[in-house]
Amino acid sequence: MKREEVRARLALHPELAASTLAHFVADAVAGAGATGVVVGLSGGVDSALAAALAARALGGERVHAFYLPYRSSSEQSRTDAREVARVCGLALREIDISPQIDAYFDREEPEADAVRRGNKMARERMTILFDQSKKNGTLVLGTSNKTELLLGYSTVFGDNASSLNPIGDLYKGQVWALAAHLGVPDGVVSKAATADLWPGQTDEGDLGFDYPTADEILFLLFDQGYLPDEVVAAGYPEATVSRIVALEKANRFKRRMMLIARLSGSAVNLDREIPRD
């Protein structure tokens, strides 16, 4: 498969995708008997798209949005989160996570590096969202895309935790395309992807390759079943393919529930589910 064909295969029918994913959100909320969803708006395109889909599915009044900054968070992230909330018709509540993050690291782990601190921030944000979910009788909306999930570019029980995820089967390029279709602000769609975990941090800088290339390589490996050598033969850099394969393999555990030892004949997450629906 040539690269041009790969790009064509990754192209979405945006309105069909939006409709399908909005119905997914509505069905999941109704099936759980929930009143709506809570979502953390980071100022980035992934959370913006998830929020836009939820607002389309449920109406803005049933989508509870939160901006959860740390003291070093970019002011642009706050501006963008507010603009996304405005465009989607959402009320936005801001909760500063600096006190609890600093209390732990300043007292117990002052030598912790930026990655550990960033992981702690991601998990703290998710604990707040799940608490608000309990308070409001809602589900927590996931905001991790397929590229991140396959690469393991996420924090376990942090940004990859959720009750439902409408964008988890969208590669990053598809997220950008669908977000633009749904009217997510241009500044959010076009800015460099970042988790805003420390000043100057970007996704592509951390990963060492660009998202469009990663999307295409992962599509061939995951969706088409290509072997790494076949991906290289299709015209992709060997070093990039090798790094992506290594990241996917090393982080595969992040896509699974906890590892459960089997003692009975039907262990949770290893065998059949209780019949439903």
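Quick note: the coordinates plus some simple rules give every number you see, no bench work behind them. This structure is a prediction, so every number in the text was calculated from the model and none was measured. Here the Cβ positions follow ideal geometry from the backbone for every residue, glycine too, while neighbour counts run over all protein chains shown.
Our summary gives the chain a relative contact order of 21 percent, counting only alpha carbon pairs under 8 angstrom and 6 or more residues apart.
Using the alpha-carbon centroid of each, what span in Å lies between the stretch 90-108 and the stretch 1-76? Cα centres, the stretch 90-108 to the stretch 1-76: 24 Å. Under a Gaussian network description of the chain, with springs only between Cα atoms under 10 Å, the residue in Ala112, Ala192, Ala180 that fluctuates furthest is Ala112. For the stretch 122-230, chymotrypsin sites (Phe, Trp or Tyr not before Pro) meeting the loop criterion (DSSP other than H, G, I, E, B) and having at most 14 other Cβ atoms within 10 Å: Phe157.
Cβ crowding within 10 Å ranks Met121, Met257, Met1 as Met257, Met1, Met121, fewest other Cβ atoms first. Give the separation of the Cα centroids, the stretch 252-266 to the stretch 201-224, in Å. Result: 28 Å between the Cα centres. Annotation: amide H-H contacts under 5 Å for Glu94 (H modelled 1.01 Å from N, sequence separation of 5 or more, or interchain): Tyr67.
Less than 5 angstrom separates the built amide H of His64 from those of Val37, Val38, Val39, all sequence-distant by 5 or more or on a different chain. Along the stretch 93-105 the Karplus relation, 6.51 cos²θ - 1.76 cosθ + 1.60 evaluated at θ = phi - 60°, assigns HN-Hα couplings of 10, 10, 10, 7, 8, 4, x, 6, 5, 5, 4, 6, 6 Hz to successive residues, with x for each Gly and Pro.
Between amide H atoms placed 1.01 Å from N, distances below 5 Å from Leu164 occur with Val140, Gly142, all of them 5 or more places distant or on a separate chain. Computed over the stretch 3-198, the convex hull of the alpha-carbon atoms projects to a mean area of 11.1 nm². For the listed residue pairs Lys146/Lys191; Lys135/Lys191; Lys172/Lys249; Lys120/Lys254; Lys191/Lys249, the alpha carbons are over 26 angstrom apart in Lys135/Lys191; Lys191/Lys249.
A helix-only calculation puts the chain at -15500 deg cm²/dmol for mean residue ellipticity at 222 nm, using -39500 (n - 2.57) for each DSSP H run of at least four residues, averaged over all residues.
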